[in-house]
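Asker: Below is a structure I'd like to ask you about.
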Amino acid sequence: MEGSVRPFARPALSARYFALVALCFALTSPGLAQDRVQQERIEVVTTTTDLRSLVEAVGGERVAVVNLAPGTMDAEEYQPKPQDVVRLKNARLLVRVGLDYDLWVDRLLAQAGRPEISRGGPFYIDASRGIAVLELRGMSVGPGDGHAHGSGNPHYWLDPQNADIITGAILEALARIDPEHAAGYEARRSAFLLRLQAKLAEWEAALTPLKGMPIVAYHDSWPYLARRFRLDLIGFIEIKPGVPPSPSHLAGIIQAMRARAVQIVVREPHEPERDVAFVAGKAGASVVTLAASVGALPQASDYFALFDADVAALTAAAAAK
């Protein structure tokens, strides 16, 4: 009718409009946003729990990290499993200890067929690069002849100051894989290092009473810890890494312990108790169980907790003497 007001005509809503609404909902919904972040996480494989903890310290929620060798065993003796190959096939970054500590991962990498995370690849990290290696000497190792420490002692993560070098390599690799979040990785590493310096001062103060105190250990895992905190390691119960002691070697260790008045014998949870208890009993020393890796003891739940647990155990043993 002329002069009447025509009703407003609603425009047809396009499929593109509904798609944009759905996208906005996905980005603003906390649950869906979290799922999206999880799907975008960078898959990282490490050979050990210690390296896993350090990758997580830098990567935060942006990384999904799995370690191959569990912390409850000697990673040098780890027997790879079929699912380890699958993990490497899906990984965007590999981080290993190196120094012949985790030689078994080379076989897995060959089976996985991933040159980008293998030796020489852009997303392969040998965390020992840049480390001032201790006990660097040539040593031939044959079948049944112990662990290959010929490239130097591989337990370098037990000097917490070396985490600076390790996390630097991790930061560089994550920033190349995910440059959009490089600033976040750098900020997390900086926060980690600030906390590390504060904890180092705390651990050094706690271990001051042990400086110069002679200590015997079962396995040669502790030179880096000893150097950092000025502990005096005078000998090892194993003849050499991975080789059980002979009766004559045990007799020599007991004699040396008596001569130096050794009060502490260190063992890791997976190491045999019998020989440790024998020499400790003969020399009148106490046995202290330490974690050489994250997860080796329940309280060693991450990299900081590893040192908290070991420092507490050592100081308690020293105070009891």
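The values are calculated or read from the model by the stated rules, or taken from the named source; none is laboratory data. Not measured: the values here are computed from a predicted model. Here the Cβ positions follow ideal geometry from the backbone for every residue, glycine too, while neighbour counts run over all protein chains shown. Each accessible area value is taken on the protein alone, full model and side chains, heavy atoms only, with ligands, DNA and RNA left out. Shrake-Rupley method; radii C 1.70, N 1.55, O 1.52, S 1.80 Å.
Asker: Looking at region 244-272, which of the residues that are within 15 Å of LEU233 (Cβ to Cβ) and among the basic types (Lys, Arg) is surrounded by the fewest Cβ atoms within 10 Å (Cβ to Cβ)?
Answerer: ARG260
Asker: Something else now. Scan region 51-69 for residues that are touching a His at 6+ places or on another chain (Cβ under 9 Å) and free of Cβ contacts under 8 Å to residues at least 40 places away in the same chain and jot them down.
Answerer: Within region 51-69, none qualify.
Asker: Residue check, ALA132 against (1) at pLDDT 95 or above; (2) in contact with a Gly (Cβ under 9 Å, 6 or more places away or on another chain); (3) assigned to a loop (DSSP other than H, G, I, E, B); (4) open to solvent by 30 Å² or more (accessible area, probe 1.4 Å), all met but one. Which one?
Answerer: (2)
Asker: Within the bounds of region 213-231, is there any residue that is exposed (fewer than 14 other Cβ atoms within 10 Å of the Cβ), within 29 Å of TYR101 (Cα to Cα) and free of Cβ contacts under 8 Å to residues at least 24 places away in the same chain?
Answerer: yes
Asker: Is it fair to say ALA91 is in contact with an Asp or Glu (Cβ under 7 Å, 6 or more places away or on another chain) and either more than 14 Å from GLN111 (Cβ to Cβ) or surrounded by fewer than 17 Cβ atoms within 10 Å (Cβ to Cβ) (or both)?
Answerer: no
Asker: Just give me the residues in region 273-321 being β-branched (Val, Ile, Thr), open to solvent by less than 20 Å² (accessible area, probe 1.4 Å) and not in a helix (DSSP H, G or I), in sequence order.
Answerer: VAL288, VAL294
Asker: Under 8 Å between Cβ atoms, which residue pairs at least 6 apart in sequence (or on different chains) link something in region 243-255 that is closer than 18 Å to PRO272 by Cβ and touching a residue at least 40 places away in the same chain (Cβ under 8 Å) with a partner that is open to solvent by less than 30 Å² (accessible area, probe 1.4 Å) and acidic (Asp, Glu)?
Answerer: So the pair list comes out empty.
Asker: Can you tell me how many residues within region 150-209 are of a type in the set (S, T, N, Q), assigned to a helix (DSSP H, G or I) and either free of Cβ contacts under 8 Å to residues at least 24 places away in the same chain or open to solvent by 40 Å² or more (accessible area, probe 1.4 Å) (or both)?
Answerer: The number of residues fulfilling the criteria is 4.
Asker: Of all residues being open to solvent by less than 20 Å² (accessible area, probe 1.4 Å) and part of a helix (DSSP H, G or I) in region 67-84, which is modelled with the highest pLDDT? Just the residue, please.
Answerer: So, considering only residues that are open to solvent by less than 20 Å² (accessible area, probe 1.4 Å) and part of a helix (DSSP H, G or I), the one modelled with the highest pLDDT is ASP84.
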